[in-house]
Amino acid sequence: MKRYIIALFLGLATSPVVAQQTASLPFLQANPDLRSSAMGDAVLAHGRGMSLYTEPYSLLSSNTKLEANYALSLRPVEDYGSSAFQTLALGYQIAQGHAIMAGFRSMSGPRVPFASQTGELGYIRPQDYSLDLGYAVALSPRLQGSVRLSYLNSYVGTEADAVAGSIALSWRDKFSSWGYSLTGSLNNFGTKLQYKPSVDKVQLPTDVRLAAGVDFALAEEHDLSLGVGLSRVFMSETNTLGLGVGYRWRNALHLRAGFVHEEYNNYLTCGVGYDFSKLSLDLSYRHSKNKDMSWIGAGLGFRL
């Protein structure tokens, strides 16, 4: 029976509709940060969010010692239930310009039908998760770097695991009253997955991502952000382009919108958030014409 499950998994992994056209571990291509997700996956020039999974500028450049963020996103799938994507991320500034980070990501897929050797029908619910550790350093007042090491586990009726790494650089500066940011990262490079008893190994969806953003004042207490992001998954040779705009009032209320173009799918994105003195609340929605690919998410953040 396991042989049939593995065959089913490999079929899903190469499907242009499932897993956002990547392959195994689809959550590695999903954005856990609801703020940038609502802006078409563009990294914010005034970013304040999951430093471990976006970039650590806001943690390294402020008096913040500790940040904690939780996000939950759901994707209903007709007839088979829903997918759930959860993320918990922590960051701690151990010294000026140095921070350590830790996180947990998990994604459970909708039920998948399979048939045994005797023709008996059944269902499994694929589940993947990662345990992540990161370190960030301010290389200069404008340049920050970060590394992340991840343990990955995938279950599709049988299990496989892997170890992956990611590295990123971010440059932030001001030109007159305009702030701007440039970010580049190489993500998810590491060992392959092997679902035993199969002898075949599944490659990780390694990708490179580039993002740019600008932030400027429209008027007193009114700010606007524009962002663009581009990513390429090497294994599937697919590209993703994201565009976003965000409005901020009194450094507290945030309205966001964006557009994401993928090889086989497009998304319209939107979101709203509010920052209190130490807490932040965020809502995000990604809409696709394919109703089984739309996501809705909610998040809570804390800074001390």
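The values are calculated or read from the model by the stated rules, or taken from the named source; none is laboratory data. The structure displayed is predicted, hence computed values, not measured ones. Every residue, glycine among them, receives a Cβ derived from its backbone with ideal geometry; neighbour counts consider all protein chains shown. For the accessible areas, the whole protein counts, side chains as well, though only heavy atoms, and no ligand, DNA or RNA atoms are used. Shrake-Rupley method; radii C 1.70, N 1.55, O 1.52, S 1.80 Å.
Data table
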read-out	value
Average projected area [Cα convex hull, the stretch 32-165], square nanometres	9.5
Largest-first principal axis extents of the Cα set of the stretch 57-117 (Å)	59, 24, 13
Accessible area of the stretch 172-304 belonging to carbon and sulfur atoms, whole % at 1.4 Å probe	64
Sorted peptide list for 243-254, 218-229, criterion being average Cβ within 10 angstrom, highest first	243-254, 218-229
Per principal axis, descending, Cα span of the chain in whole Å	70, 38, 33
Share of carbon and sulfur in the accessible heavy-atom surface of the stretch 60-148 [1.4 Å probe, %]	61
Length gained when the stretch residue 191-residue 127 is fully extended (0.36 nm per residue, less Cα-Cα span)	21.1 nm
Karplus 3J(HN,Hα) series, Hz, for the stretch 26-32 with 6.51 cos²θ - 1.76 cosθ + 1.60 (x for Gly, Pro)	x, 5, 5, 9, 8, 8, x
Near-label residues of the stretch 135-168 by backbone N, under 14 Å of a point 7 Å along Cα→Cβ of residue 98	135-139
Surface per residue (accessible, 1.4 Å probe) for the chain, Å²	48
Phi-based couplings in Hz for the stretch 269-278 (Karplus 6.51, -1.76, 1.60; Gly and Pro marked x)	10, 7, x, 9, x, 9, 9, 8, 5, 10
Kirkwood-type radius of the stretch 99-171, with distances r between different C-alpha atoms, in Å	14.9
Residue-by-residue Karplus 3J(HN,Hα) for the stretch 281-286, coefficients 6.51, -1.76, 1.60, Hz, glycine and proline x	10, 9, 10, 9, 9, 10
